[in-house]
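> Mind having a look at this structure? Questions to follow.
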Amino acid sequence: MALKKPASMEECIYFTQRTIGKGEVMVWVFKQQCPKCKKALMGKPRDKKGKVLTRAKEYACPKCGYTVGKEEHENSLMACVEYTCPACGFKGEKQAPFKRKLIDGVQTLRIQCEKCSANIDITKKMKEAKKK
Ligand SMILES: [Zn+2]
Ligand SMILES: [Zn+2]
């Protein structure tokens with residue numbers, strides 16, 4: 001199974017690429033269609049000048065204005081993960097619910113290597129965590 005890759009950042013609500021020890025990981029989460037009007041993709045709201053409000057606590061439909069809480073929306077999405085396991089070097093890909101857990105005090109998206117079951121942690125970037 002090959003995961004669908006985003007053609008541009010515009011299609012994603014989340015995208016990151018990291019090096020973890022000897023491995024690496026790429027995570028992306030596609031935007032989802034508005035459940036109400038089904039005519040546009042849910043995304044971060046924009047201000048009057050069209051600038052994306054990245055710190056917004058909600059997602060909004062640009063067509064009908066439907067909004068949903070940030071966490072509620074993100075928890076309903078699937079994250080696509082492509083990884084090279086830092087423990088065994090296995091290259092794999094998987095989909096996992098886009099749900100972060102608090103691990104060692106940091107919001108973390110944790111997946112397991114399909115081959116050796118090692119944990120692969122995609123933590124929220126520190127500078128994001130500190131800004132509160
Ligand atoms: Zn809508
Ligand atoms: Zn592994």
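> Looking only at region 93-107, filter to residues that are free of Cβ contacts under 8 Å to residues at least 24 places away in the same chain and under 11 Å from the mean Cα position of the chain (by Cα); which one of those is nearest to ligand 1 (Cβ to nearest atom)?
This residue is Pro97.
> Taking Gly89 as meeting all but one of (1) exposed (fewer than 15 other Cβ atoms within 10 Å of the Cβ); (2) without any contact (Cβ under 8 Å) to a residue 40 or more places away in the chain; (3) in a loop (DSSP other than H, G, I, E, B), write down the number of the exception.
Evaluating Gly89 over (1) exposed (fewer than 15 other Cβ atoms within 10 Å of the Cβ); (2) without any contact (Cβ under 8 Å) to a residue 40 or more places away in the chain; (3) in a loop (DSSP other than H, G, I, E, B) leaves (2) as the failure.
> Conditions first: (1) within 17 Å of the chain's Cα centre (by Cα); (2) in contact (Cβ under 8 Å) with a residue 40 or more places away in the chain. Lys57 passes all but one, so which condition is the exception?
Failing condition for Lys57: (2).
> Being outside any loop (DSSP other than H, G, I, E, B) and either within 16 Å of ligand 1 (Cβ to nearest atom) or at pLDDT 90 or above (or both) is the filter here; which residues of region 108-132 pass it?
The answer is Thr108, Leu109, Arg110, Ile111, Gln112, Asn119, Ile120, Asp121, Ile122, Thr123.
> OK, next. Please work out which one of (1) touching a Lys or Arg at 6+ places or on another chain (Cβ under 9 Å); (2) surrounded by 15 or more Cβ atoms within 10 Å (Cβ to Cβ); (3) not in a loop (DSSP other than H, G, I, E, B) is the condition Ala56 fails and give its number.
Tallying (1) touching a Lys or Arg at 6+ places or on another chain (Cβ under 9 Å); (2) surrounded by 15 or more Cβ atoms within 10 Å (Cβ to Cβ); (3) not in a loop (DSSP other than H, G, I, E, B), Ala56 fails exactly one: (3).
> Suppose we keep only residues that are among the basic types (Lys, Arg) and surrounded by 14 or more Cβ atoms within 10 Å (Cβ to Cβ) within region 100-123. Which one would you say is nearest to ligand 2 (Cβ to nearest atom)?
The selected residue is Arg110.
> Counting just the residues of region 29-53 that are in contact with a Lys or Arg (Cβ under 7 Å, 6 or more places away or on another chain) and closer than 20 Å to Lys99 by Cβ, which one comes out surrounded by the fewest Cβ atoms within 10 Å (Cβ to Cβ)?
Result: Gly43.
> Considering only residues that are under 15 Å from the mean Cα position of the chain (by Cα) and part of a loop (DSSP other than H, G, I, E, B), look in region 60-84 and name the one that is farthest from Ile111 (Cα to Cα).
So the residue we want is Ser76.
The values are calculated or read from the model by the stated rules, or taken from the named source; none is laboratory data. Fair warning: this is a prediction, and the values are worked out from it, not measured in the lab. All Cβ positions, glycine included, derive from the backbone under ideal geometry; neighbour counts span all protein chains shown.
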